[in-house]
1. Can you give me the distance in nm between label points at Ala22 and Glu53, each placed 7 Å from the Cα along the Cα-to-Cβ direction?
2. With unit charges on the beta carbons (Lys and Arg positive, Asp and Glu negative) and the dipole taken about the Cα centre of region 32-75, which residue among Gly41, Gly56, Met74 sits farthest to the positive side?
3. What does the net charge come to around Gly63 if you take all other residues with beta carbon closer than 12 Å to its beta carbon, with K and R at +1 and D and E at -1?
4. Could you give the dipole magnitude of region 11-171 about its Cα centre, charging the beta-carbon of Lys and Arg +1 and that of Asp and Glu -1, in debye to the nearest 20?
5. Multiply the residue separation of Gln68 and Ser155 by 0.36 nm, subtract the distance between their alpha-carbon atoms, and state the gained length in nm to one decimal.
6. Could you sort 37-47, 19-29 so that the peptide with the highest average Cβ count within 10 Å comes first and the rest follow in order?
Amino acid sequence: MSTRTSQPAGGALLISEMKEFASFPKATQRYIRRSLDVAYGRTDPMETWARDEIEGASISAQGRFYKQLDHLRMQIPDDSGLDMIDPFLGTLVTLAAFDLGQDRLPNFNAFRFLYERLLGAAVRPWLPAAFCAAASLPHLHPEQRRQLLQSISESAATAPGWSSREPVFWPEWVEKIDQAEAA
């Protein structure tokens, strides 16, 4: 666990984000940590996360998709930047479609949690649209589409404004310690 901020994070804020992360299923927590490792090169994702060839192929594909993140961060329009929607939203929906297609982000909250960390606070106004578009695509099973689309609350979809506060909790892989060796 770590924080990425130039200013000290309020303890309540950090704990709130940690509690939100802890509320996600274990597979979702694992996928978020893996995704952050792929995006930021924190560890060797193949060594840390690939349990088999299928997961290794998924990590390789994720790495190819995530190469677009730096460019995407620079393209985030302000919330009234309609002239910039095409280059930005198309790429964001493509990345979201990949991540939702991995079947590890079961709802909007998990998606938002990950994407706030991948792209920063400025992406918040665009996340409901990207999520709904990606969750509606035919590459997902109809039941998965239904569950994803039902997971976005009315308040998230119709928010009158968004916080500009950057996330402070960044989950990381923690190696298990053998209790016998630690003693």
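Nothing in this text is a laboratory measurement; each read-out follows from the coordinates by a stated rule. Bear in mind the structure is a predicted one, so any value in this text is a computation, not a measurement. So basically every Cβ, Gly included, is an ideal-geometry build from the backbone, and we count neighbours across all protein chains shown.
1. 4.0 nm
2. Ranked along the dipole, the leading option is Met74.
3. Every neighbour counted, the sum reads +1.
4. On the way: 17 positive and 19 negative charges, 67 e Å.
Here region 11-171 has a charge dipole of around 320 debye.
5. In short, 28.4 nm is gained.
6. Working: 37-47: 16.2, 19-29: 14.0.
Highest mean packing first, the order is 37-47, 19-29.
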